[in-house]
Each structure stands twice: as structure tokens, then as C-alpha cells.
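Here the structure comes first, spelled out in C-alpha cells, and everything after it is commentary.
The values are calculated or read from the model by the stated rules, or taken from the named source; none is laboratory data. Keep in mind the model is a prediction, meaning the values are calculated, not measured. Cβ placement follows ideal geometry from the backbone for every residue including glycine, while neighbour counts extend to all protein chains displayed. Side chains included, ligands, DNA and RNA excluded: accessible areas come from the protein's heavy atoms. Shrake-Rupley method; radii C 1.70, N 1.55, O 1.52, S 1.80 Å.
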Amino acid sequence: MSATAASASGWRFHRPTAVPAFGTAFGIAVAGLSAIVLIPIIALVLKGADQTWASFAAAAFSPRALAAYRLSFGAAFLAALVNLVMGVLIAWVLVRYRFPGRRLADALIDLPFALPTAVAGVALATICAPNGSVGQVAAAFGIQLAFTPVGVFIALVFIGLPFVVRTVQPVLADLEPEVEEAAALLGASRWRTVTRVVLPAIAPAAMTGFTLAFARAVGEYGSVIFIAGNKPMISEIAPLLIVVQLEQYAYGAAAAIACVMLAASLVLLVISAAMQRRLEREGADR
Amino acid sequence: MRLAADTRPALRDPSGIAWLLIAAALAWILLLLVLPLATVLWEALHKGLPRFLEAVKEPDTLASIRLTLLVAAIAVPVNLVLGVAMAWAIAKHEFRGRAMLTALIDLPISVSPVVSGLVFVLLFGAQGWLGPWLQERDIKIIFALPGMVLATIFVTLPYVARTLIPIMRRQGVDEEEAAATLGAGAWTTLARVSLPNAGLALLYGVLLTNARAMGEFGAVSVVSGSIRGETNTMPLHVEILHNEYDEVGAFSVAALLALLAVVTLVLKVWLERRMQARAGVGG
């Protein structure tokens, strides 16, 4: 009667249920996650720690590394901001209006999820190169897109596009029309209704999408390296710097930079997980 | 589907503004999504179909296609089993630390692909923790197929579980409990009740896993060493050809991958419509 004893003490690992095979499923899940994710990541952290603090800091916080973080985080932040604005706009248009091509546009939103990053990279690099379709136009205004930090930003806007759209869309679709009608009846203008009633309602979803887009963009590699030009201190992103260190067999330095990136990912993961949980709870309440 | 604004004038935006917003959204989609896709196809085909086919039939390209299919053929089934097990434990059971396990599943999505590859180099590479032990036994993992498969499994681990968990949770455990009460074993319950109920979501999860497995670049690039014709998957081959200024070659391989993405999107739309239809009938 160990189950009774456990319930009497008030602490139980697994709530009893008629649904079978918890042990097997849990065992496979934990074994798989440990072998594929947990142990390799621990190996990275140990490698990062397997050096003096001075050599860790020399690699992780060198001027070149700091410039790379600035670019990775800065461009990711700006790209996520653009995606926040355009994502809310696109979600609004897709949910609230009917126009020819709407279904196609809706389906295309997921393209950055499905298109391999290297393909996106060569395509964007070609488009933005000084003789490319968009690059030519920008060159006429004296702006160079490809092989500059602007190119990094463009690639990150591309890969982050779906996140805000896809988090805002369902919330916007579930919004009660009565709320907006009430605002209108109380004399609010359409603009005031949208900014004071609709936007606050979708703000949590939009911020969740923003965080997800930012987290994804910080670590992005494939779509960026083709367009960035990869000049140290100028257009070299942090993941590329890891690869550069690795190619010079500087494993400790690569691990040190990777540890910094991993720490940032963990922080963003915790934030976005909390935001997503809140969003799901609110969704269940509606 | 009818729009609320059709019958509720208070929700109607001034039509000038509505069209302006539609135009802005479509212009953005055209510039950011359609233009890259069209560029890939144009660059691959503008010198003629024969030139495209010639590029695809090049031995190194064929080798990269074979390797990509092989890696996906191993990684996708592994992630199918792991994903179903994780979803079963998390969606159908209550246990301590469930939130932590859920967060752990998401980890590969938020980690940089380069870091995802690096962890395996540090574990199995010549300078890695297990490197000397593996070398003694002449087992090659890094710069070889096992490393590429491991990195691909790491990167695509979350997708089956993430698509299954929400729908499995929504469906509750009533039917599973009924099956168990009627004497069904675990396997019967899973194969006859839970998975058919979540069938379309499962299919979508596999589809997404496959698309990401075949398209993974960063993680695989770190562990593979990109040896032409040997450890070179299609995305890596795109990079090699691009660096050699073989634009038609690079874009021909890229076009094949873009085709994979388009097929994935089409199937996704089809699956979503089936799911909506089923939900409409069921509830």
C-alpha cells in the first residue's frame, strides 16, 4: 500500500491514473532527452569550465567577441521589433479582412519555418547584393545592404517573420466583437477603440511572439553568413565566431563563447516559456 | 467564414485604411517571402532546364541528396518515437517536474544551431571528452554520419512532441481510461485510441521534423567537416557551390530544397483544413 502512504504524506511523483505506460513513456522521454540534449550540453559547460577564468574571459569577452554579441543581439532585437510591428499588422489583415490571395498569403507566412536557412541565405544574399534586384535600388540611394550589418538585420527579419503573426492570429480571432462594439457605443473613435481596446488585448501574445523571434534570431547562423560578409568586428555574428574558433582548433575558446550564448538562450527560454504558459491560461479562460 | 465586421458596423474600419493595411501586408509578404522564393527558382532555371538537370545530376550533388535522405531517414523515426513518448508522458499524465520536462524539450529550438553542433564536437571529437576512447576503438562520430545524425536529431527533437502535446491534452484521458477499463494494453491504447485521435497533428509533426531535418545547416555544418561527396548534405552543398561561384549549381540544389519547403507548406494547409473539418464534425 505504498500509494496510500505516499498520498497520506501529500507528496506524489505521479498522480495515479488508468492511462497505462507512464513508466515506459517517461523512461524513454528522459533517456532520450538525457542522451541527445542534456549530456551533450553538460559536456559543453564542462569544457567551458575546464580552463582558467582568465582564458575563459579572454575568449568570451574579447573585443571581437563583444562586437559579435553586440551585432547578434542588437540586430536580433531590431529585427524582432520590425517583426512585432509588421506581424501585428499582417495578423490583423489576415484575420479581419477578406481579399483575393488571403489564403495564399496566410500559407506563405510559414515559409521561413519550412525553408532551409542556407537556401534563404543564398537567396537573400543574391537579392541584396549590389547587382541584385533590391540591392540595385538601394545602391541607387547609396546604401549597401549585403555584406554589412544591414544584411544581418534583413536575414533576421526574414527568419523571425512567422512568430508574431502566428501568436497574435488566434488571439485576434477569438476576441469578442462585443467589446469593440461597447467601445464604439460609448463614443470611442475607431482609432481609439483599436489602440485602447484591441491592442492591449493582443499585447501579451505579441510580446510572446517578439520574444520567440528575438530568441531565434540571436542564435541564427545559416541565413546570415551568406549575406553578412563576415568581417570581424563589423559584420561577424557570435555563432560564426564560434565556428571560426573551432576551425582554428581553439576548442576552449569556442566553448567559452558558446557558454555565453547558451546562458542567453536559457534566459530567453525561461522568459518565453513563462509568457507562453500565461497565454495558454488566458486562452483557456476565454 | 463570415467576418464579424460584415454584420457589425462598429467593427468596420474605414475602407481606405483597410485597403492601405492590406496593401502594406501584401507588399511585405511579396518582398520578404515571395521574392526570395522566386529568386531561387529563377537563378536555378534561367539558363534553361537542361542546365538545371545537369547541375542536379552532378555526382557530388547526387551524393549530397542521398546523404540528406539517409540522415532524415534515421533522424525522423527516432524523433517520432521520442516525440510520442514525450507527448504521452506530458499530455496524458500528471507528475512532478512536468513543466521542467516541457521546457527541456523546447531547449533545442532556442539554442543556436552552431552550439547544437558544437556540443557533439566537444563530446565525441578528437579533443572531446570521449574522443581518445573512441579513437582507440576506431569509431568515427564527428566528421562522419553518426555525428550528423545526432546533430539532426538534437535540432529536430521538439517538433513531434510540440505538435502532439496541445491536441493530446485537449482530448483529455477519458477515451484512454475507457480503453484501459475494457482491458486494452498500453500498446493497443496508444495505437488504437490516442494516436488515431491525434493522427493529423502527428502527421504534421513528422512533416515538420522531416523538413527541418533535411534543411538543417548550422549544426550539421559544425559536425560534418563538409567533405565533398562524403559528409556533404544538400544545404552544405549549397554553401560549397556558392563559395565556388557556381551560382546555377548552388541554386539548383537550393531549388530542390525550396521545393521541399513548398510541398511541406501545401501539406500543412491540407492537414489543417482536414483537422478543422474533423473538429467541426466532432464538436
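What to note about this one:
- Where labels lie 7 Å past Cα in the beta-carbon direction, separation of B:Ala27 and B:Val269 in nm: 2.4
- Using only Cα coordinates, the Kirkwood hydrodynamic radius of chain A works out to 22.2 Å.
- Evaluating 6.51 cos²θ - 1.76 cosθ + 1.60 at θ = phi - 60° for every residue in the stretch B:58-68, the Karplus couplings come out as 4, x, 5, 5, 4, 4, 5, 5, 4, 5, 4 Hz, glycine and proline recorded as x.
- Carbon/sulfur fraction of accessible area - the stretch A:36-83, other protein chains in place, 1.4 Å, %: 79
- Hz values of 3J(HN,Hα) by residue in the stretch B:120-125 - Karplus curve (6.51, -1.76, 1.60), Gly and Pro given as x: 6, 5, 6, 8, 10, x
- In a DSSP loop and with at most 13 other Cβ atoms within 10 Å, the trypsin sites (Lys or Arg not before Pro) in the stretch B:1-87 are B:Arg2, B:Lys57.
- Within the stretch B:46-85: backbone nitrogen closer than 19 Å to the A:Gln136 label point (7 Å, Cα to C-beta): B:46-48
- Residues losing 40 Å² or more accessible surface upon assembly, the stretch B:34-54, compared with the chain by itself, 1.4 Å: B:Leu35, B:Pro36, B:Leu37
- By the rule of a C-alpha distance below 22 Å, with chain neighbours fewer than 8 residues away ignored, the lysines paired with A:Lys47 are B:Lys140.
- The stretch A:144-207 versus the stretch B:54-126: alpha-carbon centroid distance in Å: 32
- A simple spin-label model places the labels of A:Val85 and B:Asn243 3.7 nm from each other, with each point 7 Å out along Cα-to-Cβ.
- For the stretch B:201-263 and the stretch B:132-199, distance of Cα centres in Å: 24
- GNM top mover of A:Ile225, A:Ile28, A:Ile143 - chain A, alpha-carbon springs below 10 Å: A:Ile28
- Mean residue ellipticity at 222 nm, helices only, chain B: -23500 deg cm²/dmol; runs of at least 4 DSSP H residues each add -39,500 (n - 2.57), and the sum is divided by the number of residues.
- Note on chain A: GNM, Cα springs under 10 Å; of A:Ala184, A:Ala258, A:Ala76, the largest mean-square fluctuation is that of A:Ala184.
- 10 °C / 1.306 mPa s Stokes-Einstein diffusion coefficient of the protein assembly as shown, Kirkwood radius on C-alpha pairs, µm²/s: 63
- Separation of the A:Ala263 and B:Leu3 label points, Cα + 7 Å toward Cβ, nm: 5.0
- Counting only other chain Cβ atoms within 10 Å of each residue's Cβ, the peptide A:104-112 averages 6.
- Shown in residue order for the stretch B:233-250 are the 3J(HN,Hα) couplings computed by the Karplus curve 6.51 cos²θ - 1.76 cosθ + 1.60 at θ = phi - 60°: 7, 4, x, 5, 5, 4, 5, 4, 5, 4, 5, 8, 6, 8, 5, 4, x, 4 Hz (x for Gly and Pro).
- Estimated translational diffusion coefficient (Stokes-Einstein, Kirkwood radius over Cα pairs, 25 °C, 0.890 mPa s) of the stretch B:181-267: 157 µm² per second.
- Across the accessible surface of the stretch A:201-286, with the other protein chains kept in place and a 1.4 Å probe, carbon and sulfur atoms take up 63 percent.
- Under the Debye formula (equal points on every Cα, no solvent term), log10 I(q)/I(0) of the stretch B:49-282 at q = 0.15 Å⁻¹: -1.05
- Remark: accessible area buried at the A-B interface is about 8300 Å², both chains counted, probe radius 1.4 Å.
- Kyte-Doolittle mean at least -0.5 and Cα axial length at least 27 Å: DSSP H helices in chain A: A:63-96, A:149-174, A:199-219, A:251-285
- Highest-fluctuation residue, B:Ala151, B:Ala213, B:Ala18 considered, GNM on chain B with Cα pairs under 10 Å: B:Ala18
- 25 Å Cα-Cα reach of B:Lys47 towards lysines, excluding residues that sit fewer than 8 places from it in its own chain: B:Lys57
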